[in-house]
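A short write-up of the structure that comes next.
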Amino acid sequence: MAMRISMGHVDFYDDTVAAYARQLGLRTVQLHCPANLTSADGYWPVAELRGLRERCERDGLALEGLENIPVAHFYKIQRGEPGRDEQIENYQATIRNMAAAGITLLGYNWLATFVWRTAVGGSGRGGAKITSFDLAETHRGNELASYKLTWPDPAEPIGAEQAWASHQYFLDAVLPVAEEAGVRLALHPDDPPVTAPLGGAARVFTSPAALERAYRQSRGSASWGLNLCLGTVSEMGGQAAVDQVIDLLGPLGKIFYVHFRDVRGTVPAFDECFLGEGNLNPAAVVRRLHAVGFDSFLIDDHVPAMIGDRDTWLDTSAEAYCSRGRAHAVGYLQGVLNGLGIPG
């Protein structure tokens, strides 16, 4: 398939989201830890996975994949805490069940204390509501409450080498299962990509070199690749960091999909923004992806909330999801692909 735009970051799939995707001219969708699925036993069951895929297809949308299982079933794996082996067994079951249901892509992250931001406000273009991060403000405990409330604190501080070792342990356990099942796992870089611990946990996927190390940890597995979050990689070092990662992993076929987001500034401080007004030249990024043979999907990511929009970070309802900010991002990307002659 050719490079294309998909409807992404869908936390709950329903008729409203399906209609919104079709109105935007999209033909595929990716779901983010969808609340449509239950996980009472610690894994997603086959029947529900298959039913969700078939529902998308009835709505005229192919299901590209899923990303992020529920926090409660993954945080011990990330942190190397007692009980991780049971969570890994359940993760393996989810992989097998996804394959049986015809879903073959699963994104994951290694954020032991998840995404941090220190401000949400109307400081974007024309007063649009955006999120910001400033490492100097993290001592105030200002990370977004919606994340803090759902992410338990580590039992003990987590150092960088422990984080690396836990990731290797996870890959060694799940990649053989993923290879056998024909499922691909895509790593999201750390956001924000600071080396300083946040919430008692070190961050390790914070540079292009670290993402290269993650690739080496996969031992050449066909089932491991990157969810290239452009905003996060841009936070590492602007356009140069994005170009470096594309040139490194793109020719290897290790960019499985792309979160297309822009930010102004790099760590230790940055603001999210509209596409085209931050660190990136979106058209140049798409050209570079095309040049290295990328043929998967792009999704919009962390859009500003425009006038009339709800706070799309803290409100996950379908009405908030179907925002003007998201429509702007999707339309912008459709224009870029069309202008470059890529039928997205």
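The values are calculated or read from the model by the stated rules, or taken from the named source; none is laboratory data. Every value quoted in this text rests on a predicted model; they were computed, and no experiment measured them. Positions of Cβ are generated from backbone atoms using ideal geometry, with glycine treated the same way; all protein chains shown enter the neighbour counts. Calculation scope for accessible area: heavy atoms of the full protein, side chains included, ligands and nucleic acids excluded. Shrake-Rupley method; radii C 1.70, N 1.55, O 1.52, S 1.80 Å.
Please find, among 165, 201, 155, the residue that is surrounded by 23 or more Cβ atoms within 10 Å (Cβ to Cβ), over 30 Å from residue 286 (Cβ atoms) and either at pLDDT below 95 or out of contact with any helix residue (DSSP H, G or I) (no Cβ under 9 Å at 6 or more places or on another chain) (or both).
Values: 165 fails: surrounded by 23 or more Cβ atoms within 10 Å (Cβ to Cβ); 155 fails: surrounded by 23 or more Cβ atoms within 10 Å (Cβ to Cβ).
Answer to the check: 201.
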task = Would you check if there is a residue in segment 281-292 being among the hydrophobic types (A, V, I, L, M, F, W, C), within 19 Å of residue 227 (Cβ to Cβ) and surrounded by fewer than 20 Cβ atoms within 10 Å (Cβ to Cβ)?
result = yes
Those residues of segment 187-198 that are modelled with pLDDT under 95 and open to solvent by 10 Å² or more (accessible area, probe 1.4 Å) come to a total of 3
Among residues of segment 319-344 being over 12 Å from residue 300 (Cβ atoms), of a type outside the set (A, V, I, L, M) and touching a Leu at 6+ places or on another chain (Cβ under 9 Å), the residue modelled with the highest pLDDT is 343
Quiz item: Any residue in segment 54-69 that is out of contact with any Lys or Arg (no Cβ under 6 Å at 6 or more places or on another chain), at pLDDT 95 or above, surrounded by fewer than 19 Cβ atoms within 10 Å (Cβ to Cβ) and of a type in the set (A, V, I, L, M)?
Solution: yes
Residue hits (segment 264-300; hydrophobic (A, V, I, L, M, F, W, C), within 26 Å of residue 322 (Cβ to Cβ) and either touching a Pro at 6+ places or on another chain (Cβ under 9 Å) or not in a helix (DSSP H, G or I) (or both)) are 273, 274, 275, 280, 297, 298, 299
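Can you spot a residue in segment 210-231 that is of a type in the set (Asp, Glu) and within 16 Å of the chain's Cα centre (by Cα)? It would help to see each step written out before you state the result.
Filtering segment 210-231 down to residues of a type in the set (Asp, Glu) leaves 212.
Of the ones still in play, those that are also within 16 Å of the chain's Cα centre (by Cα) are none.
The answer is no, given that none of the residues of segment 210-231 is of a type in the set (Asp, Glu) and within 16 Å of the chain's Cα centre (by Cα).
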Given (1) in contact with a helix residue (DSSP H, G or I) (Cβ under 9 Å, 6 or more places away or on another chain); (2) crowded, with 17+ Cβ neighbours inside 10 Å; (3) without any contact (Cβ under 8 Å) to a residue 60 or more places away in the chain, residue 232 misses just (1)
Here the qualifying pairs (Cβ atoms under 6 Å; residues six or more apart or on different chains; first in segment 173-186 and open to solvent by 70 Å² or more (accessible area, probe 1.4 Å); second among the polar types (S, T, N, Q)) come out as 179/223; 184/223
Quick count over segment 96-120, residues being open to solvent by 20 Å² or more (accessible area, probe 1.4 Å) and not in a loop (DSSP other than H, G, I, E, B), is 6
Given (1) touching a residue at least 60 places away in the same chain (Cβ under 8 Å); (2) assigned to a helix (DSSP H, G or I), residue 81 misses just (2)
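Does at least one position in segment 253-261 carry a residue that is open to solvent by 10 Å² or more (accessible area, probe 1.4 Å), in a loop (DSSP other than H, G, I, E, B) and more than 26 Å from residue 124 (Cβ to Cβ)?
Of the residues in segment 253-261, the ones open to solvent by 10 Å² or more (accessible area, probe 1.4 Å) are 253-255.
Next cut, in a loop (DSSP other than H, G, I, E, B) only: 253-254.
Those left that are additionally more than 26 Å from residue 124 (Cβ to Cβ): 253-254.
The answer is yes; a qualifying residue exists.
Residue 91 - would you say it is part of a helix (DSSP H, G or I), closer than 24 Å to residue 11 by Cα and modelled with pLDDT under 90?
Values: part of a helix (DSSP H, G or I): yes; closer than 24 Å to residue 11 by Cα: yes; modelled with pLDDT under 90: no.
Answer is no for this residue.
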Just one listed residue, out of 240, 214, is hydrophobic (A, V, I, L, M, F, W, C), in contact with a strand residue (DSSP E or B) (Cβ under 9 Å, 6 or more places away or on another chain) and at pLDDT 95 or above, and it is 214
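Has segment 249-270 got at least one residue that is without any contact (Cβ under 8 Å) to a residue 40 or more places away in the chain and acidic (Asp, Glu)? Quick ask: steps written out before the conclusion?
Pass one, segment 249-270, residues without any contact (Cβ under 8 Å) to a residue 40 or more places away in the chain: 249, 252, 254, 262-266.
Narrowing further to those that are acidic (Asp, Glu): 262.
For segment 249-270, residues without any contact (Cβ under 8 Å) to a residue 40 or more places away in the chain and acidic (Asp, Glu): present.
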Of the conditions (1) part of a loop (DSSP other than H, G, I, E, B); (2) among the aliphatic types (A, V, I, L, M); (3) more than 26 Å from residue 206 (Cβ to Cβ); (4) in contact with a Ser or Thr (Cβ under 7 Å, 6 or more places away or on another chain), the single one that residue 320 does not satisfy is (1)
Picked from segment 323-344 (must be of a type in the set (Gly, Ala, Ser) and outside any helix (DSSP H, G or I)), the residue nearest to residue 229 (Cα to Cα) is 344
